[in-house]
Amino acid sequence: MESILQGAVRTILAKHEIEDIMMERSTFGKMFTDEVADQLVAWGVTNVKNIELMDIRDGRDSKTVSNIMAKKESVIDRESRVVVAENTKLAETAEIEARQVVDVREQEAEELVGLRTAQKEQAVGIADEHALQEIKTQGKETAERDMAVEMVKNVRAAEIGRSVEVVKADEDKQTVVIRAEGQRQQEVIDAEATKQKTIIVAEGDLQDSLKNAEDILAIGTSTAEAKRLEEMATVSPQIALADEIGSNDGYQDYLIKIRGVEKDENVGVQQAKALQDAGIKVIVNSGDVNSGMDNLLDLLTTKGGTNVAGMVEAIRQTDEGSALLERIGLGRGQSPTTGS
């Protein structure tokens with residue numbers, strides 16, 4: 001059990017500084033007790049109070065605890081000397097401050113005596129000045145009162161004159177207002193009469209205009225109805241004919257053929273007129289006149305121009321044809337489009 005206690009003490013104390021151990025003995029006593037509690041129970045022993053750390057001493061050939069104690073004693077001595085020095089300084093400071101207070105009080109007394117003397121002299125001078133100012137003020141007030149009395153007289157006289165002028169001006173104003181009101185009422189009466197006359201004339205013109213408009217509307221309606229009936233009389237047979245034609249296929253074919261004959265007739269007539277004006281004779285060897293005219297008109301197209309150029313080139317390949325072309329100005333090196 002002694003070994004258990006020594007081991008627990010060594011384990012705990014080895015983890016802390018010796019100064020802390022000496023200052024916190026009660027804390028370490030509880031730590032010792034907690035450390036060995038379980039081991040004591042294993043030996044069948046139960047502690048009845050905490051293990052206490054009673055004292056710490058140096059071991060053999062060790063001066064650690066002595067050195068710490070010496071250091072603590074030096075600290076205590078130093079603190080004692082510091083406290084004594086501080087108390088001495090405070091006492092001397094208090095004596096100096098006491099002497100300063102006495103000196104200041106003496107100077108303040110002298111200053112207060114001088115200040116009171118100066119204030120007394122100042123008060124006497126101010127009183128003399130106040131007396132002079134009072135005299136001047138009284139004179140000023142007397143003059144102001146005299147001037148105020150004079151001003152009141154002048155103002156009162158001016159007010160009386162202004163009142164007279166106001167009364168006179170008000171009389172003139174009332175006269176002008178009465179005249180203006182009478183003139184305005186007369187103008188209102190004249191304007192009302194003119195207004196009534198204008199309304200009566202306008203109503204008469206309106207009635208005339210409405211009557212004329214009704215007459216014009218009646219005439220226009222009658223004319224439009226007559227024109228509609230006239231147009232219906234013209235259109236009705238055409239509508240009936242169109243209905244008849246729309247339902248008769250044979251009659252429709254007949255009309256189409258008739259229009260075709262009329263077209264061919266007009267085209268032939270126009271072609272004949274064109275040939276007559278151009279001075280061209282057409283000899284038709286086969287077919288009908290229209291086929292011949294169609295072939296002639298092909299000359300005026302690109303196809304007809306190409307055929308003519310081919311024909312001229314074929315004629316140029318023979319001696320007789322070449323001689324013929326030379327005589328009409330279409331020799332070699334010339335084309336029908338460039339010859340004369």
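Computed from the coordinates by the stated procedures, all read-outs in this text should not be read as laboratory data. Computed from a predicted model, the values in this text were never measured in an experiment. Cβ placement follows ideal geometry from the backbone for every residue including glycine, while neighbour counts extend to all protein chains displayed.
Roughly what would the spin-label model give for Gln39 and Val155, points 7 Å off Cα along C-beta, in nm?
Between Gln39 and Val155, the simple spin-label model gives 11.8 nm.
How far apart, in nanometres, would the label points at Val188 and Arg78 be if each is projected 7 angstrom from Cα along the Cα-to-Cβ direction?
11.8 nm
With the Cα gyration tensor of the range 78-210 giving a ≥ b ≥ c as the square roots of its eigenvalues, does the rule (a/c under 1.5 for rounded; else a/b larger than b/c for prolate; else oblate) give rounded, prolate or oblate?
Numbers: a/c = 22.54, a/b = 2.42, b/c = 9.31.
Taking the square roots of the gyration eigenvalues as a ≥ b ≥ c, the range 78-210 is oblate.
Run the numbers on the range 2-105 and let me know its relative contact order in percent, using alpha-carbon pairs under 8 Å that are six or more apart.
Values: 43 pairs, mean separation 20.2, N = 104.
Relative contact order for the range 2-105 comes out at 19 percent.
For the range 2-105, compute the number of Lys pairs whose alpha carbons are separated by less than 22 Å, excluding pairs fewer than 8 positions apart on the same chain.
Final tally of qualifying lysine pairs is 7.
Which net charge results for the neighbourhood of Lys173, defined as the other residues with beta-carbon distances under 14 angstrom from its beta-carbon, given Lys and Arg at +1 and Asp and Glu at -1?
Around Lys173, the surrounding residues sum to -3.
Report the full-extension gain for the segment Ser163 to Met311: residue separation times 0.36 nm, less the Cα-Cα distance, to one decimal in nm.
Values: separation 148, 0.36 × 148 = 53.28 nm, distance 13.50 nm.
Full extension from Ser163 to Met311 adds 39.8 nm.
Between beta-carbons, use under 15 Å as the cut-off and find the net charge around Glu92, counting Lys and Arg +1, Asp and Glu -1.
Once all neighbours under 15 Å are counted, the net charge is -1.
So between Ile200 and Thr142, what do we pick up on full extension, going 0.36 nm a residue minus the alpha carbon distance?
Gain on extension, Ile200 to Thr142, equals 12.5 nm.
Which residue, Asn87, Ser74, Thr33, has the largest displacement toward the positive end of the dipole of the range 2-105 when charges sit on each Cβ (Lys, Arg +1; Asp, Glu -1)?
About the Cα centre, the residue reaching furthest to the positive side is Ser74.
Within the range 177-216, what residues put their amide N at less than 13 Å from the label point 7 Å along the Cα-to-Cβ vector of Arg228?
Nothing falls inside the zone, counting backbone N under 13 Å.
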